[in-house]
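Heads up: the structure comes next, in structure tokens.
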Amino acid sequence: MTTRGRFIVFEGGEGSGKSTQAPLLAEHLDALLTREPGGTASAERIRELLLHSGDLHLADRTELLLMVAARAQHVVELIEPTLSAGRDVVCDRFSGSTIAYQGYGRGLPLEDVVVACELATLGLAPDLTILLDLPDSLAATRRGTVSDRIEAAGDDFHQRVMEGFRTLARAEGDRWITVEATGTPDEVAELVRAIVAERWGS
Ligand code: Z5A
């Protein structure tokens, strides 16, 4: 019988280094690397609508439903089959982002956001979520110029999002590990590898 792959997710605010760290860990584990919103052709189309919709107004609930619509396709088409085939998956963002951004950031009721996530994932949850945590001031510097609709939401929004991530990490026990992301990319990658090795011994 094939051993199921491990599902490892990076979470954090913009500029925290997820897109730098996720490929490094995926290479280290020979895992499938993917991201959200996106990861499949149709989910990438939804990503375009969500992040680069220009003048098109999206209501907060529409944003939530599009995020989880992209996830539903991603899970069924890519993540679940890969894990079932025995390969590890490293994903840049997952349901934690929806709770932090659409729940804490946009202020939608958390119970609605959780139900929407469950509908999309059919119960699939990461084996390990690594939260890359940066002080807000450093995150703002790394974010640099605003490049998409959600990034443009303002500092208060991004502070609420980070508070959401930190609350989730406290609540989720050892399924979420927080990594201080202030070191160099190599230093952070070493911390991440050590966490994975400690969890699974490889
Ligand atoms: N979103 C949502 O609202 N709800 C959801 O359910 C989901 C997502 C799934 C996706 O944007 C947006 O969708 C995101 C959340 C929302 N919106 N916002 N805002 P994305 O995928 O385009 O972008 P991102 O996830 O926000 O990532 P990012 O801006 O690319 O940041 P990052 O991946 O965390 O960081 P990075 O690209 O690796 O690094 C940023 C810069 O810092 C870059 O110049 C690096 O070279 C540099 N860097 C990275 N690591 C270091 C270290 N260690 N030291 C110094 N400099 C570093």
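Within segment 74-84, can one find any residue that is within 13 Å of the ligand (Cβ to nearest atom) and without any contact (Cβ under 8 Å) to a residue 12 or more places away in the chain? Scanning segment 74-84, I find no residue that is within 13 Å of the ligand (Cβ to nearest atom) and without any contact (Cβ under 8 Å) to a residue 12 or more places away in the chain, so the answer is no. Considering T82, T62, the condition of being hydroxyl-bearing (S, T, Y), assigned to a helix (DSSP H, G or I) and more than 25 Å from A194 (Cβ to Cβ) is satisfied by T62 alone.
Taking segment 103-114 as the range and being within 12 Å of the ligand (Cβ to nearest atom) and open to solvent by 10 Å² or more (accessible area, probe 1.4 Å) as the test, the residues that pass are Y104, R106, L108.
When you look at L134, is it within 10 Å of the ligand (Cβ to nearest atom) and either over 26 Å from L191 (Cβ atoms) or surrounded by fewer than 23 Cβ atoms within 10 Å (Cβ to Cβ) (or both), yes or no? First the steps, then the outcome.
Working: within 10 Å of the ligand (Cβ to nearest atom): yes; either over 26 Å from L191 (Cβ atoms) or surrounded by fewer than 23 Cβ atoms within 10 Å (Cβ to Cβ) (or both): yes.
Yes, satisfied.
Within segment 115-130, the residues that satisfy the criterion of being part of a helix (DSSP H, G or I), surrounded by 17 or more Cβ atoms within 10 Å (Cβ to Cβ) and hydrophobic (A, V, I, L, M, F, W, C) are A116, C117, A120. When restricted to residues that are farther than 21 Å from F7 by Cα and either open to solvent by less than 70 Å² (accessible area, probe 1.4 Å) or in contact with a helix residue (DSSP H, G or I) (Cβ under 7 Å, 6 or more places away or on another chain) (or both), segment 33-51 contains 6. Being touching a helix residue (DSSP H, G or I) at 6+ places or on another chain (Cβ under 9 Å), within 14 Å of the ligand (Cβ to nearest atom), among the small types (G, A, S) and free of Cβ contacts under 8 Å to residues at least 24 places away in the same chain: is that true of G154 here? Judged against the criteria, G154 is not a match.
All of A169, A153, A181, A139 fail the test of being surrounded by 15 or more Cβ atoms within 10 Å (Cβ to Cβ), among the small types (G, A, S) and under 20 Å from F7 (Cα atoms), apart from A169.
The values are calculated or read from the model by the stated rules, or taken from the named source; none is laboratory data. Predicted model only: the values in this text are computed from it and were never measured. FYI the Cβ positions are ideal-geometry reconstructions off the backbone, even for glycines, and counts take in every protein chain you see. In case anyone asks, the SASA skips ligands and DNA or RNA and just uses the protein heavy atoms, side chains included. Shrake-Rupley method; radii C 1.70, N 1.55, O 1.52, S 1.80 Å.
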